[in-house]
Structure formats: structure tokens, C-alpha cells
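Below: one structure, written as C-alpha cells.
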Amino acid sequence: MTSNLSLADVPNGLKRRQRKLCLPGFFLLLTLAAPAWGGTGPAPASAESSDLTDMSLEALMDINVTSVSRKSQKLANAAAAVFVITQEDIKRSGVTTIADALRLAPGVEVARMDSSKWAVSIRGFNGRYANKLLVLMDGRSLYTPFFSGVYWEVQDTPLEDIERIEVIRGPGAVLWGANAVNGVINITTKRADSTLGGFVSAGGGTRERGFGTARYGFVLGEATDLRLYAKYNNRDSGVDAAGNATHDDWNITRGGFRLDSHPTEADQFTLQGDYYDGKLEETYTLFLPPTLTPPTVVDVTSGVSGGNLITRWKRTLSEKSSLSLQVYFDHYERQMFITAEKRNSVDLDFQHRFSLWGFQDVIWGAGYRYSQDEFDNTFTASFTPPSRDEHLYSAFLHDEITLVPERLALILGTRVERKDYSGFEVQPNGRLLWTPTPRQTVWAAVSRAVRTPSRAEQTIQYRQGAVLVDAGGGQQIPLVARVTGSRSYRSEDLLAYELGYRCEPHPRISFDIAAFYNIYKHLRTLTTGALIPPSATEPFATQPAFTSNDMNAHTVGVELSSTWRPYDWWRLQATYSYLNIAAHLDTPDPTIFNVTERGNASGDSPRHQFSLRSGVDVGREVTFDLWLRGVDRLEFVDLTSIPGYITLDTRLAWKPRPDLEIALVGQNLLHEHNQEFFPELINTVSSHVERGFYGKITWAFR
């Protein structure tokens, strides 16, 4: 069995490369080019020009966020490391998936494994099955109890309908529950009354072979609006190291609706739903009987489908008092070669906010989630039992205490959860918010969060690899590596210390810095057992390994973001993140392996990342955007590594009329192709990300 085990730090190759970049020359080129495109100089922004450059930095800092404290508050006053990706950010970046849009935020690690798979995490421990990040869309949890992570390829909606993506780096367990360990991502879509009329977009290119979205918003009554949409994507495969096409192209069709109503002045009601169906091409490297060795390479087509229905009601009692109730149903199916999975989930969430004694803002709530799954067992992957019901009960209390009005606040909270097979978990949190001036915010936090066991970690049996061994007398037999889940597997713990500073020293400049120190305990490992000899039912030897919690880790890091508007028609945004991970077994033991994510907690995440974006309004109806970003290299114990890379995306858009836009986008322009990540756990074949171009036409009408 091959184990990718390393505690080595990621080298600083990217840092050395960054020093070679001539950034002043890069900005000078843009400054000189802008007037040339627009005539004698930059023209005033028209009514139809982008909000990105029209919006002042003060207005950007006043964007309301809801994920930090489950209430609407200004971004500048949030006591957490929060970054907001706006609709205009998504549009002008040229991204075509939600996963790639997350590259815009500091501290978020996004790596594409093949055409349809991503590894996404915050503050380390990245992987296809990263399990320390909670993702929500309009209040619906997108994580699957199968592995406590997210299937990013099926998480989608018309990107034009996304109002904002709130990215919280750091624990959010008090308000959002277990698995909100390293961060929370909350995707909020627009209300139906803000998308009235028709909208059609279509395009295609080299990697994006063809895509289209159609949407229409109706007024159903004096206080009720409805939005309907349909969307289709057909994406090309990646390539291997030699540039040959791989077997991983894919397509997905989806549709949905959203209805928003104000039956009374105090009440808001929302009903929304989505359904999707698609095909993913995949290549597996598996160890199948009767040969077992060498591995069998299988090209397959996997089917994915699913849908959800959400209803949400909110009553406003006063400016600081409200009630809300949300219920949703979620269903998905995955027909994969190694197993088939079906899952149904029902979630109920209640929340009450009120003011206490004039200086306390209290939010409390309770929730219940039921999830039922069903797996088809195969030689490679099987589950005991193949079908199981799971129940999760939770309650939380969040109290914001004003110590000095408009200057100093203390925030205390805790959440209690009970899960069927992991028992009770208590997750407390304390935060301090100091606002010395209207343009400065300082905050500090201490939090405990847990990552509860997944279905796979407790009940899976997965045959991962095989080798030939000498059985004596010149005979060789296969030795199969088998990973088995353990019922004694328990929750992983995090104790997090955070400190942040947010400032707007000048009307055209703002910056945000956050530092953290995290202590993890009971991280996932594998403990090997005694060798099992061949039998009548299994004519091969087996090397068993069992999931266990025998590792600890310490992480330290800093994340920065800054925005500068040198002119009204030009906006620059830069982000940088640093991360250092040190992981250790609790006790030195040759039978215990570090299998956190791909097997190397420090190698799965880059030490350095940076992003530099430039958005220019060229003349009245033309916008030009550049996005330069870099990622440090990843290195693993088996001496495989992925080089660090720097790449560039561009977008040029023209509005010949107010309701029509034509855009040309180039992606990954500095490389013909490059690899971003390796698969882990499940033996699918990865591919490289190619340079790509696509064109898009958008028409909005009434």
C-alpha cells in the first residue's frame, strides 16, 4: 500500500518568482492603454456601466452581510475574516463555475483536478473530499454526510442570479453547526423582484464547448414575483501531461424557480426549487478481480441528478426583533462505477432575534435534520449497512453585548448538537469588536469547532490497491490494501485564535488583514491491522487498515486584501495569503499513517497564494479586466509534486446597446496546460487545465 505521508513545508518557489514580476510596468501599460481605447480620455461612466467602478469604496465597505451573525450588518462592522464576492466581481472575472469564482477570495484554496472535479478548502487540508468547510446556498447546506464535503460539479445556478458570495475564513460553528470548522461559504441569490423581465445568454469556446441560460421574471400580484430559469453547460475534457485529451468531458442541464412574496408589511415568504441532470466522463484506475494486479483502467460515464425545494418565512417584529422559519428537502443520485449513492434530506431551522435591556442583541434558534442514504455495494466500495438514517438535533445562542456604544462590543455564543453516532458536541465562541474610528475596525476571536464523523469514515470498506507478494515455493499471490471505517471514529476538534484589522485610510483605498493560529486534535489517520491470509471466498491476502484519530496539527497564517481606485474608471484589487501547517502523530507508531486528505496535511495546501485584478471602464460602453494570480507548489511524500504556477485571465466586454453585451474571455493564458491537484482516496485519473477562450452574448429585455 502506498501512503503519501509528509510533514515537510511547501517550498518557497512561488515567492522567488513573484520578485521577478514587474508590477509597476504592468499597471503603467494599463494606464496608457485605457485612454487609447476610449478616445481622448476616459469618459464618464454611463448609466449602464458596471457597478464595480461606479461603487465607492465606502459603499463597498457598507455592503450588508448575513453569514457572520445571522443578521444583516455592514461588512465594515463584522467581527470575522469575511470577504464578499459581488455579482459584478463574478461577471467581470469571466468565471463560469461557482468553484472558480471562489478563487477571488483570499485564503480560499481552489484547485481543479480534472474537467469536472475541484478541491476547495479554506486555511488548509484541501482535497476532493475536503471536510472542514460548510457551504450554503440560500440557507440550504450543500455538504453531503457521505464524506462531510461538497460535490462542486453539481453546485450551480445562473451566475447572473447570484447577488453575492460571503466567504468567512475561520470557524462559524456557533451559528452554522458542525463542519463549519475552517470556514463558511454562503451563496445568496437575488430576489425575484430584482430579476423581472427576460434574460438570455449563450456562448461557447475551446473549453466551454457550449452553454446557455434563459430566465424570465413575472409580477404575479401586488406583492408577489416569480422567476423561472433553465441552464445548460457542455464542457470539454482536459488533457494529460503530453497534451492528449482525457476522458472527462461533461454536461449538465438544470432548471428552477424562485417565488418571493410580501403578504403583509411585516411578513416575507420565499419558495424556490431546482432540478439538475447530467453526465460526467471519468477514468478509474482500479484493482479488480480476478487479476487484481496490474490495475485496470476503466473509462466510464457517471450519471448525476438531484433537486431541492426550499420554503422560508420571516416576520419582522421591530428593527431588532424578528422570527424566521425555513424548511427544505434535498435529493440527489450519483451512478458511479465504484458505487451508486442516493440520498434524501429534510432540514428544519427556526430562529428568533430580540433586543434585551437595550444593550444586548440576542439571536437563538433550533434545528433538526434528517438524512437517509442508500448505496450499491461493489468489490471496490461497500458499506455496512448499505442504507442508513441519520438524525441531527441542534440549538444555538448568540449574544452581542454593547459595552461602549458604537465603539466596543463583546459577542458570546455557543451551539449544542447531537448526532446519532457521534453524540453531543458543544461549540462555544467569544469575539471582541472595537471600532476606534468610523473607518477602522479591530476584532479578535477564540472559537471551538468540531468536524463530526462522516458516513464513509465509520462504515465504508474500500479496496484501494494491490501488489504481488511471495507466498513461498515460488508462488506469488496478490496482497490487497483494504480501508475499513471504524464505529469508534470520533469528531475532530479545532481551537482557533483569530485577530483582524479593517481600515479605509483614504476614500480611494481600503485594506483588510486577518491572522490566525489553529490547534487541531483527533485528525484522521489509518491504523493497520494484522495481515489476513487468503481464504476460499477471498483468494488473496488482505492488509487491513482502520480509520482512527491519532494526529494533531498546528496552523498559522495571514490573509490580506486591498482595494485601490486610482481613478473613477479604474479599480485594482489585490489579495495574498500565507499558510504554514505542521502535523504530528499523537504517539510515534509505525502502524499509524497520516492520511489526512491525500495523505499529507501540509502538502495539500499552498503556502503562498496571490491574486491581482484590474478593472477598467474604457470609454462609455467597453470594460476591460485582467486577473493575474499565483499559487505555490504542492509537494508529497512519495516525491510527486505539482509546480507552483502564475496565470492570467482576461475579459473584454462591449455594450453596443444598453440591453446587449458581447464578451470575449481568455483563461489560463500563460500556460498551454498545467496541473493543479492530484486525486485522493478514490482512484480517478486527473487531468491538466488547458488555456481556454470563449465568447458570450447576453441580452436582457422587458
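For the reader, a short list of remarks on this structure follows.
- Of Leu670, Leu681, Pro656, farthest towards positive along the dipole that unit charges on Lys, Arg, Asp, Glu beta carbons give the range 643-683: Pro656
- Gain in span if fully extended, Leu499 to Asp568, counting 0.36 nm per residue against the direct Cα distance: 21.6 nm
- Loop-located trypsin sites (Lys or Arg not before Pro) in the range 340-444 whose Cβ has at most 15 other Cβ within 10 Å (DSSP): Arg407
- Once exposed loop GluC sites (Glu not before Pro) are cut out (DSSP; at most 12 other Cβ, 10 Å), longest piece of the chain: 407-671
- Cα convex hull of the range 201-280 - mean projected area over all directions, nm²: 7.1 nm²
- Using a cut-off of 26 Å between Cα atoms, the listed pairs Lys190/Lys696; Lys190/Lys320; Lys132/Lys320; Lys74/Lys320 include Lys132/Lys320 as exceeding that distance.
- The fraction of Cα-Cα pairs per 10 angstrom bin, counted from 0 for the range 279-336, comes to 17, 22, 18, 15, 13, 9, 5, 0 percent, rounded to whole percents.
- This model, with +1 at the C-beta of Lys and Arg and -1 at the C-beta of Asp and Glu, gives the chain a dipole about its Cα centre of some 1020 debye.
- C-alpha center-to-center spacing [the range 141-174, the range 178-205] in angstrom: 11 Å
- Here the ratio of the Cα radius of gyration of the range 494-614 to 2.2 N^0.38 Å is 1.68.
- To the nearest ten degrees, helix 23-38 and the longest principal axis of the Cα atoms of the chain are 50 degrees apart.
- Inter-label distance, nm, simple model (7 Å from Cα along the C-beta direction), Gln440/Arg315: 4.5 nm
- Carbon/sulfur fraction of accessible area - the chain, other protein chains in place, 1.4 Å, %: 60 percent
- Cα pair distances exceeding 17 angstrom across the range 458-499, given as percent: 60 percent
- Separation of alpha-carbon centers, the range 632-702 and the range 388-447, rounded to whole Å: 37 Å
- Modelled FRET efficiency - R0 35 Å, Val298 with Thr224, Cβ distances, 0.05 increments: 0.10
- Taking only the alpha carbons of the range 250-383, we obtain Rg and Dmax values of 22.6, 73 Å in that order.
- Rounded if a/c under 1.5, otherwise prolate or oblate - the range 83-134, Cα gyration tensor axes: oblate
- Computed log₁₀ I(q)/I(0) - Debye formula, equal Cα scatterers, no solvent, the range 400-505, q 0.12, 0.14 Å⁻¹: -0.67, -0.76
- In angstrom, the C-alpha Rg and Dmax of the range 249-290 are 21.1, 69.
- Ranking Ile363, Ala456, Ala192 by Cα position along the charge dipole of the chain, where only Lys, Arg, Asp and Glu carry charges on their C-beta atoms, puts Ile363 farthest toward the positive end.
- Using a Förster distance of 45 Å, the FRET efficiency for Ile509-Asp267 (Cβ separation, nearest 0.05): 0.60
- Here the label points at Thr402 and Leu648, each 7 Å from Cα along the C-beta direction, are separated by 5.1 nm in the simple model.
- Chain lengthening between Ala582 and Lys74 when straightened (0.36 nm per residue, less Cα-Cα): 179.3 nm
- Here, the range 119-212 yields an orientationally averaged convex hull projection of 7.5 nm² when only Cα atoms define the hull.
- Annotation: per residue accessible area for the chain equals 39 Å², rounded to a whole number [probe 1.4 Å, protein chains only].
- About its Cα centre, the range 211-367 has a charge dipole of approximately 360 debye under the convention of +1 per Lys or Arg Cβ and -1 per Asp or Glu Cβ, with nothing else charged.
- Whole-angstrom gap from the range 210-250 to the range 552-589, using each part's C-alpha centre: 31 Å
- Only alpha carbons enter this Debye calculation for the chain, each as an equal point scatterer, and the log10 of I(q)/I(0) it gives at q = 0.06, 0.08 Å⁻¹ is -0.35, -0.63.
- Extension gain from Thr291 to Phe329, taking 0.36 nm per residue of separation minus the Cα-Cα distance: 9.3 nm
- Where Rh is the Kirkwood radius over Cα pairs, Rg/Rh for the range 173-235: 1.17
The values are calculated or read from the model by the stated rules, or taken from the named source; none is laboratory data. Since this is a predicted model, take the numbers as computed values, not measurements. As a convention, Cβ positions derive from the backbone with ideal geometry for all residues, glycine included, and neighbour counts pool all protein chains shown. Accessible surface is based on the protein model in full, side chains and every heavy atom, while ligands, DNA and RNA are left aside. Shrake-Rupley method; radii C 1.70, N 1.55, O 1.52, S 1.80 Å.
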